[in-house]
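Working notes for the structure below.
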Amino acid sequence: MARELEVRHPVDLIPYDRGVQLQEELRNAVQTGELPDQLLLLEHEPVYTRGRRTKPDELPMGADWYRAQGIEVCDADRGGAVTYHGPGQLVAYPIMCIDGVHEYVAALERAIITALADEGVTTQVRDGLTGVWAPKGKIASIGVRVKNRVSMHGLAVNVDNDLQPFEWIVPCGMEGAQMSSICKETGEAGHMDSFREALLARLCEQLGREARVVVSTSG
């Protein structure tokens, strides 16, 4: 029998720091057994997050310039380099007990690939790199942290978001990387609701969980 996964979907854009706070609160509850495994599905306010492998030259304009464009700059205690989050991008934070990091990340990649296929977008992984690529560029990023076998952070998939902010950084530490989205690949916007449902179903499929959606909140 699949383990229960409580799914929380804040209806408002969530500041990145608030998203981290929510994750930490839920992680503590999962670790103590107060709550079953959790999944946050949300969209962030515009932000660049610097993972543990981020180098200074990957944000060449400087934090003040980015903030002047309305994009916050925050450090993140996850793996990976710098990336961008913003409206129109679906972020998924699974907070759950896992057995192995490599197997877990591979399961996230498979869930993304199959969910994108549900939207008519063919994607693949690349040897030695984490994330998912579509024909026109990288469409999904993954960065996780595991503490006492409970995961935090997770994945981000470009759905209908503005891709220009990626051009102002070295995304995921890859010089010259092209980014894509479901909108860019299909030529059509408006995929967020259907893709959210597809990703939830595919995550449950790959992670062996059964979803129970908690009433959406403002975060």
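The values are calculated or read from the model by the stated rules, or taken from the named source; none is laboratory data. For clarity, every value in this text was computed on a predicted model and none was experimentally measured. Here the Cβ is made from the backbone with ideal geometry for all residues, glycine too, and neighbour counts use every protein chain on show. Just the protein is used for accessible areas: all its heavy atoms, side chains included, with ligands, DNA and RNA removed. Shrake-Rupley method; radii C 1.70, N 1.55, O 1.52, S 1.80 Å.
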So, GLU175, is that one of a type in the set (Asp, Glu), at pLDDT below 95, at negative phi and out of contact with any Phe, Trp or Tyr (no Cβ under 9 Å at 6 or more places or on another chain) or not?
yes
List pairs: first residue in segment 1-22 and among the β-branched types (Val, Ile, Thr), second residue crowded, with 19+ Cβ neighbours inside 10 Å and assigned to a helix (DSSP H, G or I) anywhere in the structure, Cβ distance under 8 angstrom, at least six positions apart or on different chains.
VAL7/LEU200; ILE14/LEU22
In segment 179-188, which residues are over 26 Å from VAL82 (Cβ atoms) and in contact (Cβ under 8 Å) with a residue 12 or more places away in the chain?
THR186
In this structure, is SER181 surrounded by fewer than 23 Cβ atoms within 10 Å (Cβ to Cβ) and farther than 18 Å from ARG50 by Cα?
no
So if I check each of THR54, THR32, which one is over 21 Å from MET179 (Cβ atoms) and either in contact (Cβ under 8 Å) with a residue 60 or more places away in the chain or open to solvent by 70 Å² or more (accessible area, probe 1.4 Å) (or both)?
THR32
Given (1) modelled with pLDDT of 95 or more; (2) in a strand (DSSP E or B); (3) in contact with a Pro (Cβ under 9 Å, 6 or more places away or on another chain), index of the condition THR83 fails
(1)
Per the filter on segment 131-143, residues open to solvent by 70 Å² or more (accessible area, probe 1.4 Å) and either of a type outside the set (Lys, Arg) or free of Cβ contacts under 8 Å to residues at least 40 places away in the same chain (or both) are PRO135
Out of all the residues in segment 121-128, is one or more closer than 30 Å to GLU34 by Cα and surrounded by 16 or more Cβ atoms within 10 Å (Cβ to Cβ)?
no
In segment 76-95, is there at least one residue being of a type in the set (Ser, Thr, Tyr), surrounded by fewer than 17 Cβ atoms within 10 Å (Cβ to Cβ) and either out of contact with any strand residue (DSSP E or B) (no Cβ under 6 Å at 6 or more places or on another chain) or touching a residue at least 24 places away in the same chain (Cβ under 8 Å) (or both)?
no
